[in-house]
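Colleague: Shown below is the structure under consideration.
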Amino acid sequence: MNVMIIGGGGREHAIAVSVAKSSRVTKLYCAPGNAGIEEVAECVPIGVMEFDRLVAFAKEKEVDLTIVGPDDPLVGGLADAFEAAGIRVFGPRKNAAIIEGSKAFAKDLMKKYGIPTATYEVFSDADAATEYLQTAKFPIVLKADGLALGKGVLICKNLQEALEGVKEIMLDKHFGSAGNQMVIEEFMTGREVSVLAFCDGTTIKTMTSAQDHKRAKDGDQGLNTGGMGTFSPSPFYTAEIDAFCQKHIYQPTMDAMKAEGRDFVGVLFCGLMLTADGPKVLEYNARFGDPETQVVLPRMKNDIIDVMEACIDGRLSEIELKFADNAAVCVVLASAGYPEHYEKGFVITGLENFSGKEGYAVFHAGTKKDAQGAVVTNGGRVLGVTALGEDLKQARKNAYAATAWVQFANKYMRNDIGKAIDEA
Ligand code: AMP
Ligand code: GLY
């Protein structure tokens, strides 16, 4: 069958590698892809928000299945556009992707259906938010309602910071229209876990757990980023916690979306915090996580096309997801200065060191080929170096060793990805 992936980051590279392994796939396209994805797919220069061009391309090339990676096109209704054209698509419709597209929607859904999450209020007016904050407990968390590249969350230590945050989000519109509404919620403490799950609208099956590192610098210092590294599984996500989440979070979320007439088909990403009062939902995403995917999919044993088709056809209950009894660590190699100002266009050397190395992968995030055909840096997050190991410590050792195999000017990484493993 002919398959197309929409997106061009490390997550899409990891998805592409998994799809390329499927015996059922004869031709793989990726729009727009990147210099790494090019090795497993034919990349086509169409942007992820160019819906008409994407649909036209899929029709022309007789694409049988399209897989949507990023949040923006899903929240914007790309799955609906493909469905309307009669092309099979893996990813939620617009009316279900809202679970990521609006934090107010997600919070109201959890409240209505009794799914554990931080207590909160929604505001669409800065004055009301300001008044509420006068008597609030600190620290407190401010969230722009809409998509903000993972940056629309402000943790405020005191009233002054919170008032500045309200101004930033609602008045200065730092995150654009994402700040038309705002959620103010209770600050929670605990370990964070990402759990991704395949969904067919009725059945939800979770993949192995992972943990992201969102801050730019070692020791969880610095600004929030798209994610600087991951490990899988999380040793803190025990069987007992899993049982609780299956019963009180995952299935209830599926059922809630169905009850609202918003059947969720695709990958649901539950960002959890393991608090002293039990697991609570920090956020939902309507897609695979980045860079969680880079540690989860390399451990999956199923043919990913079989699983995705079962989701689309409502047969997920027939599938048993299988993950290897090993571990994976991904260290992101970024451009110094990310997530603020950084330079691009530096030649990357050493990528060939990964070819044929069992248990290692280099997933391209921000790369492209220059006019001479050299692979150059083209973004804040440049590469994700993933290594497997028999356990987390071995995987971490392998991943850090492999970060030395590639070089580029201004290469930057965190040196403590997976440090939490030592506390398990
Ligand atoms: P989100 O985009 O909602 O996942 O938020 C980004 C990050 O902010 C999360 O990964 C947490 O580290 C932090 N965060 C979000 N909500 C809360 C909360 N209610 N309490 C504490 N930390 C939070
Ligand atoms: N790693 C967090 C995300 O994909 O949103």
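The values are calculated or read from the model by the stated rules, or taken from the named source; none is laboratory data. Not measured: the values here are computed from a predicted model. Glycine gets a Cβ as well: all are built from the backbone with ideal geometry, and neighbour counts include every protein chain shown.
Colleague: Residues of segment 190-204 being farther than 27 Å from ASP391 by Cα and either assigned to a loop (DSSP other than H, G, I, E, B) or free of Cβ contacts under 8 Å to residues at least 24 places away in the same chain (or both), which ones?
Modeller: Selection gives GLY201, THR202, THR203.
Colleague: Now a separate question. If I filter segment 122-130 for residues that are touching a Phe, Trp or Tyr at 6+ places or on another chain (Cβ under 9 Å), more than 15 Å from ligand 1 (Cβ to nearest atom) and either among the aliphatic types (A, V, I, L, M) or modelled with pLDDT under 95 (or both), do I get at least one hit?
Modeller: yes
Colleague: Would you pick out the residues in segment 49-80 that are part of a helix (DSSP H, G or I), more than 16 Å from ligand 2 (Cβ to nearest atom) and among the charged types (D, E, K, R)?
Modeller: ASP52, ARG53, LYS59, GLU60, ASP80
Colleague: Could you please find all residues in segment 170-204 being modelled with pLDDT of 95 or more and of a type in the set (Ser, Thr, Tyr)?
Modeller: THR189, SER194, THR202, THR203 - these are the residues of segment 170-204 that are modelled with pLDDT of 95 or more and of a type in the set (Ser, Thr, Tyr).
Colleague: Out of the residues in segment 223-260 that are of a type in the set (A, V, I, L, M) and under 24 Å from ASP71 (Cα atoms), state the one that is farthest from ligand 2 (Cβ to nearest atom).
Modeller: The selected residue is ALA259.
Colleague: Would you confirm whether any residue within segment 334-353 is within 16 Å of ligand 2 (Cβ to nearest atom), outside any loop (DSSP other than H, G, I, E, B) and under 15 Å from the mean Cα position of the chain (by Cα)?
Modeller: no
Colleague: List pairs: first residue in segment 44-69 and touching a residue at least 60 places away in the same chain (Cβ under 8 Å) and farther than 18 Å from ASP80 by Cβ, second residue of a type in the set (D, E, K, R) and not in a helix (DSSP H, G or I) anywhere in the structure, Cβ distance under 8 angstrom, at least six positions apart or on different chains.
Modeller: As it stands, the answer is ASP64/ARG88, since those pairs meet every condition given.
Colleague: Right, next: If you go through segment 342-364, how many residues are exposed (fewer than 14 other Cβ atoms within 10 Å of the Cβ) and either farther than 26 Å from GLN211 by Cα or in contact with a Pro (Cβ under 9 Å, 6 or more places away or on another chain) (or both)?
Modeller: Qualifying residue count, segment 342-364: 8.
Colleague: I need the full set of residues from segment 290-320 which are surrounded by fewer than 22 Cβ atoms within 10 Å (Cβ to Cβ) and either within 13 Å of ligand 1 (Cβ to nearest atom) or not in a helix (DSSP H, G or I) (or both), in order please.
Modeller: MET300, LYS301, ASN302, ASP303, GLY314, ARG315, ILE319, GLU320
Colleague: Give me the strands (runs of 3 or more DSSP E) completely within segment 205-286, filtered to those with at least 2 residues that are surrounded by fewer than 22 Cβ atoms within 10 Å (Cβ to Cβ) and modelled with pLDDT of 95 or more, ordered by residue number.
Modeller: Answer list for segment 205-286: 215-217, 265-275, 278-285.
Colleague: Answer yes or no: is there a residue in segment 172-180 that is among the hydrophobic types (A, V, I, L, M, F, W, C) and in contact with a helix residue (DSSP H, G or I) (Cβ under 6 Å, 6 or more places away or on another chain).
Modeller: No; the residues of segment 172-180 include none that is among the hydrophobic types (A, V, I, L, M, F, W, C) and in contact with a helix residue (DSSP H, G or I) (Cβ under 6 Å, 6 or more places away or on another chain).
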